[in-house]
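Just below is one structure, and these are the notes that go with it.
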Amino acid sequence: MSSQPPIGEIQSAVVNAPGVPVIRNVNWGGLRTLYIKEVRRFFKVQLQTIWAPSITTLLFLVIFTVATGGKRPVHVGGVDVPFADFIAPGLIVMGMLQNSFANASFSLLVGKIQGTIVDYLMPPLSTTELLAAMIGGAVTRAFCVGSAVFLAMLLWPGVHIVPIHPIAILWFGFFGAIMLALIGILTSVWAEKFDHAAAVQNFFIAPLTLLSGTFYSVDKLAPAFRIFSHVNPFFYVISGFRYGFLGTADSPVLPGGIIILVIDIALGVLCYSLLRSGWKIKS
């Protein structure tokens, strides 16, 4: 006489039939875990990833306000603004952009070089969840740096920065950080060694950031350089972010916000396609 249980009892003991996904919608647990991993990674070396960039950004403020005696007002949008108040918001968001890129460009690249890329590919995460966690970590680091610089500038003599339009600050800070995070992910997917990522940082990110109107008003530039500034997407991020503190900007705020959003969507689609295809990631 057979001692095996009836077929009905066996089927009732199986939680999920073979081939049926256990996670049917969003893997919130995996998404949260990867996000926490990304945040802990840069918090473990916060002296290098948060405080050092903050101090470097403050040094720009010292050089351009103290060493050069920069007390002349800057004419922006028909309004004269003290020089220190003009460059302070630009320095905050510049530090946010650069650190968002640095964090995102490191994630997949170090996995490819050290052979730990499987930590990103093996967990039951969809491409969208993987992308969201990496972007979330980069944006978190950007806002940590931005907050540290902002608090330091509140105590800096001669600098008066008070949020006037918080929505503009959050919009351009958030979507600007996402833009650089997506560029960083594209870099980490393409790069095969740290020199490649450094080349993108030194020859693409840094020039576009410094030539985006952070330290000057584009209205004073020659026509050719003014056109270059308006082609530079970093210009709209810095101009819109500055508008949130000063109430005036070098460019229309609403079109600039739409431009950044469209760029983010385009970069997001490109990142999603490359990650889903496994280009330069999956052997």
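The values are calculated or read from the model by the stated rules, or taken from the named source; none is laboratory data. Everything quoted here is computed from the prediction, not taken from an experiment. Cβ sites come from the backbone with ideal geometry, for glycine too, and all protein chains shown count toward neighbours.
State whether the residues of region 97-109 include one that is farther than 20 Å from Ile36 by Cα and within 11 Å of the chain's Cα centre (by Cα). Yes, that holds for at least one residue. Selection of region 84-128 for residues being more than 27 Å from Ile50 (Cβ to Cβ) and either part of a helix (DSSP H, G or I) or of a type in the set (S, T, N, Q) (or both) yields Val118, Leu121, Ser126, Thr127, Thr128. The residues on offer are Ser273, Ser277, and the sole one that is surrounded by fewer than 18 Cβ atoms within 10 Å (Cβ to Cβ), within 21 Å of the chain's Cα centre (by Cα), under 21 Å from Ala132 (Cα atoms) and of a type outside the set (A, V, I, L, M, F, W, C) is Ser273. If you check Ile113, Ile117 for being at pLDDT below 90, of a type in the set (A, V, I, L, M, F, W, C) and surrounded by 14 or more Cβ atoms within 10 Å (Cβ to Cβ), only one passes: Ile117. Cβ-Cβ distances below 7 Å connect the following pairs, each with a first residue in region 236-265 that is within 21 Å of Leu211 (Cβ to Cβ), a second residue that is among the acidic types (Asp, Glu) and not in a helix (DSSP H, G or I), and a separation of six or more residues or different chains: Ser239/Asp250.
With respect to Ser273, determine if the residue is within 30 Å of Gln114 (Cα to Cα), at pLDDT 95 or above and either of a type in the set (Ser, Thr, Tyr) or out of contact with any Gly (no Cβ under 6 Å at 6 or more places or on another chain) (or both). So Ser273 passes the test.
Counting only helices (runs of 4 or more DSSP H) that fall entirely inside region 142-212 and contain at least 3 residues that are more than 21 Å from Val45 (Cβ to Cβ), in contact (Cβ under 8 Å) with a residue 40 or more places away in the chain and aliphatic (A, V, I, L, M), the qualifying elements are 166-190. Applying the condition of being loosely packed, with under 10 Cβ neighbours inside 10 Å and part of a helix (DSSP H, G or I) to region 215-233 and asking which residue is modelled with the highest pLDDT yields Val231.
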